[in-house]
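First up is the structure itself, then whatever we jot down about it.
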Amino acid sequence: MTRPEEPGRPAPDNPSGAEPSSAGHASADPVGVEPEPPVAEELSGTIAALTADDLDQSERRRLLGRLAGQIRVRGIGDLFRPRAAMRWVADAVSDIAPRLPIRSRETLRTHLPGLSDDALAERLVRNAARTTAAVGAASGGVAAIEWVATPTLLSAPVLLAAETVAVVAVEIKLIGELHELYSAPITGSASQRAVAMVQSWAQRRGVNPMLESVGVAAVLGTAARKELRDRLLRRFGRNLTTYGPMLTGAAVASYLNRRATQSLGQQIRKDLTARPRPAISQWPSQPD
């Protein structure tokens, strides 16, 4: 096995017999840049793009195929072991949560004017459910079209991981925007807000703004991380049942994703509208 090129080492003029063998591909990379951060950024960017509710299905399939390739680059081996796969998916969800494009209340009302808060919330839940349904259908489409990616990218664990992470990202974005809409924005630094949204997703409850925020490492090193993995395992396992005949599997995945997202959205809405909330000016300030 060839050894990967060391960051910052210039590529040799003649790669034949020289180390590393991949020099021809790496010579254009900036000197001293580690390979992992760009991959992580690309992964987050692809997932964020998949959360948009106005993509056509061909573009969604293309993005899902790209995501499958990026997941493979990050290490496909872990996805063949259930516990390791759940750790990988949990890590991926935690990595991308701070980068999700959460729209503010003002932006939401600008994009969808003339609606009451409840009507706008219904629209957000409906659009998110349509998006996760489309991701499920696109996952079947990616597997059915050979030219989207090489066969090694289309193994079930990779597609399952891609679909699971994309769907969870859509739902976490929905949670953040419902909090914005109901004048209960999640405060704190980007990492603190991400932790709160991930916990909200795992617990199917709105975020309590009176609880003290803690860092990602602290929260995800406690029982909350196990709760997240358990919830992801149920989602991952449910998605696994859709990998039957291709068109049937895509239809079932679409239906199950839509139903699960609708249920989540209604649970979060019910929690946000039922609990008393302090005025925004009374919320504890959080450090950046």
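The values are calculated or read from the model by the stated rules, or taken from the named source; none is laboratory data. Since the model is a prediction, treat every value here as computed from it, not as a measurement. All Cβ positions, even for glycine, are placed from backbone atoms using ideal geometry, and neighbour counts span all protein chains on display.
Evaluated against (1) at pLDDT 80 or above; (2) assigned to a loop (DSSP other than H, G, I, E, B); (3) over 20 Å from Thr131 (Cα atoms), Asp53 falls short on exactly one condition, (3).
Cβ-Cβ distances below 8 Å connect no pair with a first residue in the stretch 164-179 that is free of Cβ contacts under 8 Å to residues at least 60 places away in the same chain, a second residue that is assigned to a helix (DSSP H, G or I), and a separation of six or more residues or different chains.
Wholly within the stretch 72-178, which helices (runs of 4 or more DSSP H) include no fewer than the required count, namely at least 3 residues that are over 17 Å from Arg62 (Cβ atoms) and modelled with pLDDT under 70?
Fully inside the stretch 72-178 and qualifying: nothing.
Being surrounded by fewer than 14 Cβ atoms within 10 Å (Cβ to Cβ) and at pLDDT 85 or above is true for just one of Arg234, Arg259. Which residue is that? Answer to the selection: Arg259. Note on the stretch 84-125: residues that are small (Gly, Ala, Ser) and out of contact with any Leu (no Cβ under 8 Å at 6 or more places or on another chain) total 6.
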